[in-house]
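Chemist: Got a structure for you, questions after.
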């Protein structure tokens, strides 16, 4: 009897007159057939895969078309879909979702879809209301229900909604089981999956619709700038370091300790900042050491004051400005601070130092003051640096040589290995593609 | 270096230059780069023999100019 109810449900959803159905099903009432889709007329079977005619179109197309044709056919042929996903409503869907225990796309040689995918398809078919989806996401007990809701929202929601509802899920660190395309299970976490949803454009064998980048929405004003939960923790760390520096500016040991503590977890921006500051401090410290001894006297005083000012400016107003005006303004003290990009090489840094140093000397010779900062310590330093110690000069040619060498080596290497400069343009092109895919060049 | 022709009989015919010690997986990546589909969606066959990803072209005895069938999964 419940089967008939399910059937009626399904047809009702598709807005077919229920009376007609009853006359169809009279036959099936007498026989004990557990799976209606196999025995009732073809009509029913095909209809099961149709979207609700009242459903709105998503991104200009039938919502089921968000899943591409081949994967869609695989889902329709899947047993789980045929047995369990027939006649589901929003409520019964929740029950099925609670039974989920892994997520994934298609797997195996046959590209069999996972139950997760079948439920996503069902959601696309029945189109639950937005509040239901948000309920899925907000629920805390069942993590797979949450992921299901998040995935569906990513497919069908507006950009703002996506960022607004999915970003809080970054704080969820629970483990998830994921089915890989070769059929094995692997471990992943909720926040990793959310990150994939927000940054990549393909997940679980479904192509994600394009959404605007976050900073676009921020500049328009539709979204607040991203505030991480870890922001407070990080600020505390920074303040603590700052205080430590002010107190005992003399000791290098303190620096070591601080920047080991100062490592804050997992955020790239923070890590950059940390690393940059660490490198600054490091480099500043080192360079001070083998510069003139005149410095020692003002070194620490300078460093503290400078560091604070650096630090405030850096934090407050972003790095681009520092970088652009860095040369002029910051020659002595700040010039040792490199660009704030991650992974910038040491050669280029030294190169820049060399260049700055030249300019420094030049300017000093001409007596032109280009520095905009009014710190007295600054001047002291400039004059101090002006000494032409032999050590200083020794550094310069070394830098020039080391600067040139790595560049040359790199170019030579490229010529030999990649084969991208082959005279035949077709082969060069093919080699270029191979290099970008990580394959060795063609053997001719 | 050998050149292999892949045809999907629906309009996509692709000539790919590769080494004979490349695997089928590498060949799929090259085809994906040229056709624009994703490499994990491509299936390379020769009349019901589906070629496996980890075996080299030399082991499958795929020679220069040979035609393979391109399907999608």
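Chemist: Which of the numbered conditions does residue B:69 fail, given that it passes all the others? Conditions: (1) more than 10 Å from chain A (Cβ to nearest Cβ); (2) part of a loop (DSSP other than H, G, I, E, B); (3) surrounded by 14 or more Cβ atoms within 10 Å (Cβ to Cβ).
Modeler: For residue B:69, the failing item is (2).
Chemist: Does region A:171-202 hold any residues that are more than 21 Å from residue A:100 (Cβ to Cβ) and either touching a helix residue (DSSP H, G or I) at 6+ places or on another chain (Cβ under 8 Å) or at pLDDT 95 or above (or both), and which are they?
Modeler: A:171, A:198, listed by residue number.
Chemist: If you don't mind, another one. Kindly indicate the residue of region A:419-431 that is surrounded by 13 or more Cβ atoms within 10 Å (Cβ to Cβ) and in a helix (DSSP H, G or I) and also nearest to the other protein chains (Cβ to nearest Cβ) among those meeting that condition.
Modeler: A:430
Chemist: Which of (1) over 17 Å from residue A:203 (Cβ atoms); (2) more than 24 Å from the chain's Cα centre (by Cα); (3) surrounded by 20 or more Cβ atoms within 10 Å (Cβ to Cβ) is the odd one out, the single condition residue A:145 does not satisfy?
Modeler: (2)
Chemist: Please determine whether any residue of region A:118-125 is at pLDDT below 90, in contact with a helix residue (DSSP H, G or I) (Cβ under 9 Å, 6 or more places away or on another chain) and surrounded by fewer than 19 Cβ atoms within 10 Å (Cβ to Cβ).
Modeler: No, every residue in region A:118-125 fails to be at pLDDT below 90, in contact with a helix residue (DSSP H, G or I) (Cβ under 9 Å, 6 or more places away or on another chain) and surrounded by fewer than 19 Cβ atoms within 10 Å (Cβ to Cβ).
Chemist: Output the number of residues of region B:54-66 satisfying the condition of being within 13 Å of another protein chain (Cβ to nearest Cβ) and either surrounded by fewer than 16 Cβ atoms within 10 Å (Cβ to Cβ) or in a strand (DSSP E or B) (or both).
Modeler: 4
Chemist: Considering only region A:105-142, how many residues are in a loop (DSSP other than H, G, I, E, B) and closer than 13 Å to residue A:55 by Cβ? It would help to see each step written out before you state the result.
Modeler: Of the residues in region A:105-142, the ones in a loop (DSSP other than H, G, I, E, B) are A:105, A:108-111, A:114, A:127-129, A:139-142.
Subsequent filtering for residues that are closer than 13 Å to residue A:55 by Cβ retains A:127-129.
Residues that pass the stated criteria total 3.
Chemist: Report, by residue number, each residue of region A:432-444 that is surrounded by 15 or more Cβ atoms within 10 Å (Cβ to Cβ), within 9 Å of another protein chain (Cβ to nearest Cβ) and in a helix (DSSP H, G or I).
Modeler: If the condition is that a residue be surrounded by 15 or more Cβ atoms within 10 Å (Cβ to Cβ), within 9 Å of another protein chain (Cβ to nearest Cβ) and in a helix (DSSP H, G or I), then A:433, A:434 are the ones that fit.
Chemist: I'm checking my understanding of the structure. Among residues of region B:7-43 that are in contact with a helix residue (DSSP H, G or I) (Cβ under 7 Å, 6 or more places away or on another chain) and closer than 21 Å to residue A:180 by Cα, which one is nearest to the other protein chains (Cβ to nearest Cβ)?
Modeler: B:29
Chemist: Within region B:40-52, is even one residue farther than 25 Å from residue A:67 by Cβ and buried (at least 16 other Cβ atoms within 10 Å of the Cβ)? Break it down into steps so the answer makes sense when it comes.
Modeler: To start, the set of residues in region B:40-52 that are farther than 25 Å from residue A:67 by Cβ comprises B:46-49, B:51-52.
Going one step further and asking which of them are buried (at least 16 other Cβ atoms within 10 Å of the Cβ), we end up with B:51.
Among the residues of region B:40-52, at least one is farther than 25 Å from residue A:67 by Cβ and buried (at least 16 other Cβ atoms within 10 Å of the Cβ), which makes the answer yes.
Chemist: Given (1) away from chain B (no Cβ under 13 Å); (2) in contact (Cβ under 8 Å) with a residue 12 or more places away in the chain; (3) assigned to a helix (DSSP H, G or I), where does residue A:74 come up short, assuming only one miss?
Modeler: (1)
Chemist: Now, a different point. Across region A:193-217, which residue is nearest to the other protein chains (Cβ to nearest Cβ) among those that are loosely packed, with under 15 Cβ neighbours inside 10 Å and part of a helix (DSSP H, G or I)?
Modeler: Among them, the one singled out is A:199.
Chemist: Right, something else. For region B:30-41, does any single residue satisfy the condition of being over 18 Å from residue A:429 (Cβ atoms), in contact (Cβ under 8 Å) with a residue 12 or more places away in the chain and touching a strand residue (DSSP E or B) at 6+ places or on another chain (Cβ under 6 Å)?
Modeler: Yes.
Chemist: Now for a separate question. Within region B:1-28, track down each residue that is surrounded by fewer than 20 Cβ atoms within 10 Å (Cβ to Cβ) and in a helix (DSSP H, G or I).
Modeler: If the condition is that a residue be surrounded by fewer than 20 Cβ atoms within 10 Å (Cβ to Cβ) and in a helix (DSSP H, G or I), then B:25 is the only one that fits.
Chemist: Test of understanding: among A:58, A:8, A:4, which residue is over 30 Å from residue A:153 (Cα atoms), modelled with pLDDT of 50 or more and either surrounded by 12 or more Cβ atoms within 10 Å (Cβ to Cβ) or touching a helix residue (DSSP H, G or I) at 6+ places or on another chain (Cβ under 8 Å) (or both)?
Modeler: Every option except A:4 fails the conditions.
The values are calculated or read from the model by the stated rules, or taken from the named source; none is laboratory data. All of these numbers come straight from a predicted model, not from anything done at the bench. In this analysis, Cβ positions are derived from the backbone assuming ideal geometry, glycine residues included, and neighbour counts consider all displayed protein chains.
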